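Read the structure below first, then the notes.
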Amino acid sequence: CQEIERNDEEIREPKTTFRAFEKKIHEYKDNLSSLKKEIIMKDLIIKEQRLLIENLRNTSYDGTLIFKLDKFESKKRQAQMNKLTSYYSVPFYTSRTGYKMCIRVYPNGDGNGRGTHLSVFFVVMRGSFDALQRWPFNKKVTFILLDQTDRAEHVTDAFRPDPSSNSFKRPTTEMNIASGSPVFISQTILAQKKDQYLKDDCLFLKVLVDTSSG
Amino acid sequence: CQEIERNDEEIREPKTTFRAFEKKIHEYKDNLSSLKKEIIMKDLIIKEQRLLIENLRNTSYDGTLIFKLDKFESKKRQAQMNKLTSYYSVPFYTSRTGYKMCIRVYPNGDGNGRGTHLSVFFVVMRGSFDALQRWPFNKKVTFILLDQTDRAEHVTDAFRPDPSSNSFKRPTTEMNIASGSPVFISQTILAQKKDQYLKDDCLFLKVLVDTSSG
Amino acid sequence: CQEIERNDEEIREPKTTFRAFEKKIHEYKDNLSSLKKEIIMKDLIIKEQRLLIENLRNTSYDGTLIFKLDKFESKKRQAQMNKLTSYYSVPFYTSRTGYKMCIRVYPNGDGNGRGTHLSVFFVVMRGSFDALQRWPFNKKVTFILLDQTDRAEHVTDAFRPDPSSNSFKRPTTEMNIASGSPVFISQTILAQKKDQYLKDDCLFLKVLVDTSSG
């Protein structure tokens with residue numbers, strides 16, 4: 001039975017090859033999933049960089065900022081459904097080495113303005129040069145809702161920081177508690193004067209931080 | 001024929017294993033090509049970010065810009081061969097929240113300067129704060145070809161925007177039609193005064209947008 | 001021996017399939033390693049971009065910079081062990097199209113200040129607009145170690161560039177040789193006045209380049 005014996009050998013051979021294949025395939029499977037993980041990591045870094053670039057494109061270093069909020073109606077609706085209730089501006093600075101700040105806007109209001117007003121808050125952020133600033137933060141802050149027509153009936157609210165408030169102490173976390181105007185402008189007026197303040201469903205909120213004081 | 005039957009079984013077994021291998025290999029093939037696609041996507045995002053970073057590195061927010069055009073001779077030759085005829089500067093701004101603009105330079109000329117002059121054009125771009133600007137754009141624009149020697153014989157051309165031109169209306173696309181100086185400087189003079197304007201085969205074009213007017 | 005012959009055929013078939021598998025597996029192996037290489041390349045570009053973004057976040061265009069050196073004690077120890085002896089600030093500029101410069105700080109001193117002082121040096125870098133600057137660089141440079149308390153006892157050293165020094169000629173490489181204050185402040189004083197200059201193990205070094213002169 002010569003013939004049969006030869007066959008028997010040939011069958012053993014594939015079995016060994018199978019095992020080698022299996023090993024290789026497992027190896028590539030591991031390689032593939034480690035590559036996938038690496039790509040996910042890179043993706044996170046790329047997204048982080050995108051945010052940093054966007055911040056650089058929109059920031060300012062003179063204590064003034066114009067925060068543009070587009071698609072306002074949709075944002076207000078989202079807020080009414082408690083999906084996304086507030087929007088942060090990019091960080092801006094009183095100077096290249098000054099205070100780091102941003103504003104937070106609630107399209108459908110917050111606190112005692114909730115549902116009835118647009119609320120605007122000022123946020124002191126932890127910055128690289130905080131050790132060189134005076135604390136508590138005591139610069140006058142002005143919010144201006146810009147009239148986009150020639151009438152220039154801008155809506156303004158200003159406040160001086162309350163030195164006893166936690167909002168203005170030197171930050172120990174990324175952001176202090178926001179503080180500002182919960183009843184900045186009523187939704188009724190906003191809806192009535194859409195042509196002035198919500199042209200193309202877009203709102204421009206200017207912040208002025210008085211860099212001369214303090 | 002006991003022996004033969006056993007062999008027959010062993011052969012069926014590999015066949016099943018083959019099918020399993022084939023399935024796995026196909027799976028990895030799919031995984032590989034989806035990874036490849038992801039990498040290509042990331043690559044596009046990275047390139048886009050690189051451009052944004054380059055723009056940030058070279059932009060300005062005071063209405064002035066110096067556009068550096070290096071390897072001028074090679075660029076002019078490319079233009080003569082109709083390969084690449086013009087170069088855009090990075091976008092620059094009249095202020096952080098001002099007009100967005102750029103310039104477009106034809107090393108071998110364009111329009112009635114084609115082949116005989118260097119042409120320089122000004123481009124009003126669509127910006128985030130266009131709703132807050134006056135339209136049509138009406139600020140005086142000055143082009144200055146910088147003399148790189150102490151002689152300081154800068155070549156200057158200035159214009160006031162034509163309010164009826166489409167070039168200065170509020171942009172509805174990324175860029176308005178470029179407008180400016182098709183016969184800004186003749187190729188003859190450029191070639192004669194290489195030591196002044198094309199030192200190291202490099203040209204510096206300054207743009208001034210008068211931020212006081214308008 | 002009909003039965004045996006059939007078996008024989010079935011065995012030849014797997015052998016061919018093996019070879020096809022092997023080929024495929026090799027192909028995927030190659031694909032995998034080329035993907036890996038691509039990811040490594042992308043990673044380099046991402047890291048380069050991260051550096052460019054960090055530079056943009058911390059630079060200035062008015063000839064002044066505050067260089068923050070945190071974890072000073074650890075950095076000094078590293079320097080004492082000859083591991084990492086100096087730190088470069090980000091590049092900064094006298095204007096958007098001005099000189100490109102940076103500073104280099106040795107936490108454990110350099111030259112005749114090595115081991116006894118903190119050394120601070122000024123570096124003229126090759127910039128895009130060097131053809132438009134005056135050479136040698138001749139602007140007055142001031143280093144100020146900031147007192148982080150209200151006492152405001154800042155430590156200041158200033159120098160006027162030596163026009164014959166290679167440090168101030170037009171750069172032909174990325175950086176000229178650093179020049180400045182090897183004995184800027186003694187380690188003894190630094191250690192004694194930690195509360196003023198090394199609050200939270202962090203030091204702030206301000207550089208002023210006089211943009212009015214030259």
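The values are calculated or read from the model by the stated rules, or taken from the named source; none is laboratory data. Just so we're clear, the structure is a prediction, and the values are computed from it rather than from any experiment. Cβ atoms come from the backbone with ideal geometry, glycine included; neighbour counts cover every protein chain shown. The protein model used for the area step is the full one, side chains on, heavy atoms only, and it has no ligands, DNA or RNA in it. Shrake-Rupley method; radii C 1.70, N 1.55, O 1.52, S 1.80 Å.
Rolled with a 1.4 Å probe across the full set of protein chains, the surface gives A:Lys206 an accessible area near 60 Å². The listed residues C:Asp150, B:Asp30, once ranked by accessible area (1.4 Å probe) with the largest placed first, stand as C:Asp150, B:Asp30.
Our estimate of slack between C:Ser86 and C:Ile46, defined as 0.36 nm per intervening residue step minus the Cα-Cα distance, is 11.9 nm.
With a 1.4 angstrom probe, the accessible area lost at the B-A interface totals about 3200 Å². Across identical copies of the chain, C:Leu56 has label-point separations of 0.3, 0.3 nm, listed in ascending order, with the point defined 7 angstrom from Cα along Cα→Cβ.
How far, in degrees from 0 to 90, does helix C:2-58 lean away from the longest principal axis of the Cα atoms of chain C, to the nearest 10? Tilt of helix C:2-58: around 10 degrees. Here the ratio of the Cα radius of gyration of the range A:48-174 to 2.2 N^0.38 Å is 1.13.
Accessible area per residue for chain C, computed on protein heavy atoms with a 1.4 Å probe, is 51 Å². Any of B:Lys71/C:Lys36; C:Lys83/C:Lys199; B:Lys47/B:Lys71; B:Lys29/C:Lys37; A:Lys42/C:Lys29; B:Lys169/B:Lys194 with alpha carbons more than 28 Å apart? Name them for me. B:Lys71/C:Lys36; B:Lys169/B:Lys194, as the Cα separations exceed 28 Å there.
Estimated at the nearest 10 Å², the accessible area of B:Ile39 is 10 Å² with a 1.4 Å probe.
Only Cα sites of chain B enter the Debye sum here, all with the same form factor; the resulting log10 I(q)/I(0) across q = 0.16, 0.17 1/Å is -1.09, -1.19, listed in q order. The share of accessible area on the protein assembly as shown that comes from carbon and sulfur is 49 percent, using a 1.4 angstrom probe. Taking chain C as a Gaussian network of alpha-carbon nodes connected by springs under 10 Å, the highest mean-square fluctuation of the residues C:Ser179, C:Ser95, C:Ser34 belongs to C:Ser34. Over what distance in Å are the Cα centres of the range C:75-115 and the range A:163-214 separated? The range C:75-115 and the range A:163-214 have Cα centres separated by 41 Å. Placing a label point 7 Å from Cα along the Cα-to-Cβ direction at B:Ile189 gives distances to the equivalent points in the other copies of 5.7, 5.7 nm, listed shortest first.
Over the protein assembly as shown, DSSP H runs of length four or greater, each weighted -39,500 (n - 2.57), average out per residue to a 222 nm ellipticity of -12000 deg cm²/dmol. Report the residue, chosen from C:Ile66, C:Ile46, C:Ile144, that carries the largest GNM mean-square fluctuation when chain C is represented by alpha-carbon nodes joined by springs under 10 Å. Taking springs between Cα atoms under 10 Å, the residue moving most is C:Ile46.
Do any residues of the range A:28-43 show a loss of at least 20 square angstrom of accessible area between the isolated chain and the full protein assembly, using a 1.4 Å probe, and if so which? Residues losing area: A:Tyr28, A:Lys29, A:Asn31, A:Leu32, A:Leu35, A:Lys36, A:Glu38, A:Ile39, A:Lys42, A:Asp43. The overall shape of the range B:28-75 is oblate: from the C-alpha gyration tensor, with semi-axes ordered a ≥ b ≥ c, the ratio a/c is 1.5 or greater and a/b is no larger than b/c. Using a 7 Å projection from Cα along Cα-to-Cβ, the label point at B:Thr211 is separated from the same position in the remaining copies by 1.1, 1.2 nm, smallest value first. For the protein assembly as shown, what percent of Cα pairs sit more than 51 Å apart? Tail of the P(r) past 51 Å holds 31 percent of the pairs. The charge dipole of the protein assembly as shown, taken about its Cα centre with unit charges on the Cβ of Lys, Arg, Asp and Glu (plus for the first two, minus for the last two), comes to roughly 2440 debye. Were the residues from B:Glu73 through B:Arg126 laid out at 0.36 nm apart, the gain over their Cα-Cα distance would be 15.9 nm. Counting only protein chain heavy atoms and rolling a 1.4 Å probe, the accessible areas of C:Ile103, C:Ile40 rank, largest first, as C:Ile40, C:Ile103. Excluding A:Asp62 itself, calculate the net charge of residues whose Cβ lies under 13 Å from the Cβ of A:Asp62, where each Lys or Arg counts +1 and each Asp or Glu counts -1. Here the count lands on +1.
Ordering B:Arg50, B:Arg96 by accessible surface, largest first, gives B:Arg50, B:Arg96; the 1.4 Å probe counts only protein heavy atoms, with every chain in place. Here the 3J(HN,Hα) profile of the range A:190-204, calculated from phi with Karplus coefficients 6.51, -1.76 and 1.60 at θ = phi - 60°, is 3, 5, 5, 10, 3, 4, 8, 10, 10, 4, 6, 6, 10, 10, 10 Hz, Gly and Pro shown as x.
The distance from the alpha carbon centre of the range B:131-153 to that of the range B:34-73 is 24 Å, rounded to a whole number.
Would you mind counting up the charge near B:Lys100? Only other residues with Cβ under 12 Å from its Cβ, with Lys and Arg at +1 and Asp and Glu at -1. Once positives and negatives cancel, what remains is +2.
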